[in-house]
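Taken together, the values in this text are just the output of simple stated rules run on the coordinates, not laboratory data. All values derive from a computational prediction rather than experimental measurement. Quick reminder, even Gly has a Cβ in these numbers, built from the backbone with ideal geometry, and neighbours come from all protein chains shown.
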Amino acid sequence: MEIVKASTRFETNAGYLSGEDISQGKKYLSELKGIFADRDAFDRMDPHTPVYEVQMHQSVVQETAGGLFFGISRLFPGKVGNEYFMTKGHFHQLRDRAEYYWGISGVGVLLFMDERRKVTAYQVEPGSLHYIPGHIAHRLVNTGNIDLVVGACWPSDSGHDYDSILQDGFLVRVYEQDGKPVLRLTENESI
Ligand code: PA5
Ligand code: NI
């Protein structure tokens, strides 16, 4: 019997996965149409601008019950108008599936929204740990000027439901005002 070396590496400081069973994908601005509030500013930007990339260790096939996935999300700094770059955001397809996020580098905001659209915003920073219960939509926002890198672990049968977010959006958006992040209701009220 021998001690087996891991076939996959997680570079904790760099926030990078390498080795076997890693898949990765990049999201460009063109794939985020309708997500940001300022449509004119969006149309003026280069659609090939990268907004975020996700690396994932795919240990089992999608939808396997009882397995786990492990991912690293890297959200680049930037804004559309005054609204910070953010992920699409999703509920899990199987609504009761939970997830862990943890901050690796950069600063940002993790938005939670429940099924009644009540939003809570948490500060993400290196070392912050976030438990996302089931039935909670989640979206990351980069409010800093370096990459926001976040680790994630979630059940392999969770799935992603993007449609309800694309349709109704999150009720709260994160904007830069006087160099600082502020939260505003989508209807433009200050909260
Ligand atoms: O599983 C997660 O919640 C993350 O890995 C996200 O999928 C990732 O941050 C990208 O965000 P989204 O799936 O909303 O585009
Ligand atoms: Ni998720």
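One table, with the values for the structure above:
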item	result
Charged-residue dipole, Cβ positions (Lys, Arg, Asp, Glu), the range 25-108 about Cα centre, Debye nearest 20	40
Relative contact order %, the range 1-124, counting alpha carbon pairs below 8 Å whose residues are six or more apart	19
Packing rank of 175-182, 64-71, where each peptide gets the mean count of other beta carbons within 10 Å, highest leading	64-71, 175-182
Added length on full extension, which subtracts the Cα-Cα distance from 0.36 nm per residue, residue 93 to residue 49	13.0 nm
Distant alpha-carbon pairs in the chain (separation over 30 angstrom), percent	18
The range 12-142: Lys pairs at Cα distance under 23 angstrom, eight or more positions apart or on different chains	8
Spacing of the two label points (7 Å from each Cα toward its C-beta) at residue 63 and residue 135, in nm	2.6
Alpha carbon centroid spacing (whole Å) that separates the range 59-86 from the range 1-36	10
Quarter of the Cα convex hull surface for the range 63-138, i.e. its orientation-mean projected area (nm²)	5.8
Residue 82-residue 7 FRET efficiency (beta carbon distance; Förster radius 41 Å; 0.05 resolution)	0.40
Where N is the number of residues in the range 131-191, Cα Rg divided by 2.2 N^0.38 Å	1.35
Solvent-free Debye scattering, log10 I(q)/I(0), computed from the Cα coordinates of the range 38-92 at q = 0.22, 0.26 Å⁻¹	-0.91, -1.11
Top positive-direction residue, dipole computed over the chain with Cβ charges, set 48, 12, 144	144
D (Stokes-Einstein, µm²/s), Kirkwood Cα radius, the range 1-45, 1.567 mPa s at 4 °C	90
Average projected area [Cα convex hull, the range 1-98], square nanometres	8.9
